[in-house]
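Worksheet for the structure shown next.
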Amino acid sequence: MHLYDLTIHQARALLDAGEISAVELTQAVIDRILAVDNDVRAYITLTPEVALEQARAADAMGRQPQKLPLQGIPIAVKDIICTAGIPTTCGSRILEDFVPPYDATVVARLKAAGAVILGKTNTDEFAMGSSTENSAFFPTHNPWDLERVPGGSSGGSAAAVAAGECLGALGTDTGGSVRQPAAFCGIVGLKPTYGRVSRYGLIAFASSLDQVGVLARDVTDAAILLSVIAGHDPQDSTSLDVPVPDYTAALTGDIRGMRVGVPREYFIAGIQPEVEAAVRAALGQLADLGAEIVEVSLPHTDYALPVYYLIAPAEASANLARYDGVRYGLRIVGDSLEDTYKQTRGRGFGPEVKRRIMLGTYALSAGYYDAYYLKAQKVRTLIKGDFDRAFEQVDVVVAPTSPTTAFRIGEKTEDPLQMYLSDIFTLSVNLAGICGISIPCGFDAQGLPIGLQIMGPALGETTVLRVAYAYEQATDWHTRRPPI
């Protein structure tokens, strides 16, 4: 096995044993990036000098008893999360030259854990998209088939993990943007409970929905990364002040007696038959492991898409008003202050961002607020209530992550609604503020990965990880690597 193909815990064991150094591991990953990223295009910004300097520092610390959990481990960061001294573009021309003066809390925690930061990964502009085709710079390609999308908006992070261009990565999930690309790229993607991980330094898209998540090669790595970044942050008013458990302790492999809910609303017309077959087979595997399979109902599921595309654009409209060409980012001077705003935003924002700003501004406007935004918030409460009732009966809810496998680049760019439907199975988790994970559960006839989504109640990450790990250990889907 190549060093760049290692999981975090495999690399940790080799580093601890002195069989490899952090510099050797980091250089192997950098060499891998140089070899394949011209095809994959996972990174917007690479920082090899910074990474090697951090790797040398990790080696200099030695193998002390209190080893840092990510000491010497090469990690990538989605380019919507602030990194001191490293450009943070959000995949947008309007922030093309923006260099934050501070680290986001999650980045500070990675560094404190000894991680080696390789660079910033590509994203749909301001995380608005399901395919990473909305990046202002270039689309990212799926390592399993370079003609297909890696999913979005954390497609750069997912593709980097799948292609061996990092050992793990941070992404963000506003409506499925960690889980859906994880499914498309055949890796693990975990979206934590809203407030479980600090959003300080995450450049906002929709503040009541955004959550930093992790992408990794297996469930153990996801648990390790979550343990590092989770926890209360006084700089984030939405951060939950509750203790962080040892997530790796939940990985027992024993799910006997657990109740697994299957929502009847998630197996819909239009789902790719191979996806449904793989998920049904996975449910059979969970039953074989001793879980009880229970049908549940989430009756307001059909409303998740329209509710999301009212609330998220409304919040985006408010958040993106700060890009005025005055304080930071792109500035195109016009004939007046208003003209400067228009010129800056007109050239700085891409078409999908403009579309969502207009949708959101309309929904918040006088005379329409009650009819659209307020009503959407009420239905959001009903969606959360569906999950609350389901989790009174079951420990987790299991469903497909996406209705299809990865689609071709350019296939849906002219049809926004079809693009939005890619997230139909993931949106509800964000609206309800709960946690969810996507893990590999098979491949279709074209050799494209299929994702299994396991959803848990608020702060139910240990339960979700326990079920995911048990399934993963009973199968070998997570061990397969793309042919690139």
Next on the checklist: I'd like to know if region 65-84 contains one or more residues that are surrounded by 16 or more Cβ atoms within 10 Å (Cβ to Cβ) and either among the hydroxyl-bearing types (Ser, Thr, Tyr) or in a helix (DSSP H, G or I) (or both).
Outcome noted: yes
Next on the checklist: Anything in region 1-49 that is small (Gly, Ala, Ser) and either under 24 Å from the mean Cα position of the chain (by Cα) or not assigned by TED's automatic domain parsing to the domain that holds Ala60 (or both)? List them, or say none.
Outcome noted: Ala11, Ala42
Checklist entry - Taking Leu209 and the conditions (1) more than 20 Å from Ala108 (Cβ to Cβ); (2) in contact with a strand residue (DSSP E or B) (Cβ under 9 Å, 6 or more places away or on another chain), which numbered condition does it fall short on, given that it satisfies the others? => result (2)
Checklist entry - Looking at region 260-274, is at least one residue farther than 30 Å from Ala371 by Cβ, of a type outside the set (Phe, Trp, Tyr), without any contact (Cβ under 8 Å) to a residue 12 or more places away in the chain and part of a helix (DSSP H, G or I)? => result yes
Item to check | Breaking point among (1) surrounded by 16 or more Cβ atoms within 10 Å (Cβ to Cβ); (2) within 15 Å of Leu110 (Cβ to Cβ); (3) small (Gly, Ala, Ser), for Ser21 | outcome: (2)
Next on the checklist: Please count how many residues of region 275-291 are outside any helix (DSSP H, G or I) and surrounded by 14 or more Cβ atoms within 10 Å (Cβ to Cβ).
Outcome noted: 2
Checklist entry - Which residues, counting only those in region 11-60, are of a type in the set (S, T, N, Q) and either closer than 20 Å to Ala158 by Cβ or touching an Asp or Glu at 6+ places or on another chain (Cβ under 8 Å) (or both)? => result Ser21, Asn38, Thr45, Thr47
Checklist entry - Hey, any hits in region 229-241 for a residue that's outside any loop (DSSP other than H, G, I, E, B), within 24 Å of the chain's Cα centre (by Cα) and at pLDDT 95 or above? => result yes
Checklist entry - Can you find a residue in region 39-55 that is of a type in the set (Ser, Thr, Tyr) and in a loop (DSSP other than H, G, I, E, B)? => result yes
Checklist entry - Applying the selection to region 85-116, what residues are surrounded by fewer than 21 Cβ atoms within 10 Å (Cβ to Cβ) and either part of a strand (DSSP E or B) or not assigned by TED's automatic domain parsing to the domain that holds Gly152 (or both)? => result Ile86
Item to check | Considering residues of region 292-311 that are of a type in the set (Ser, Thr, Tyr) and either assigned to a helix (DSSP H, G or I) or touching a Ser or Thr at 6+ places or on another chain (Cβ under 8 Å) (or both) only, the residue nearest to Ser365 (Cα to Cα) | outcome: Tyr309
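The values are calculated or read from the model by the stated rules, or taken from the named source; none is laboratory data. Treat the numbers as computed from the prediction; the structure is a model and nothing was measured. Counting neighbours? That spans all protein chains shown, and the Cβs are built from the backbone with ideal geometry, glycine included.
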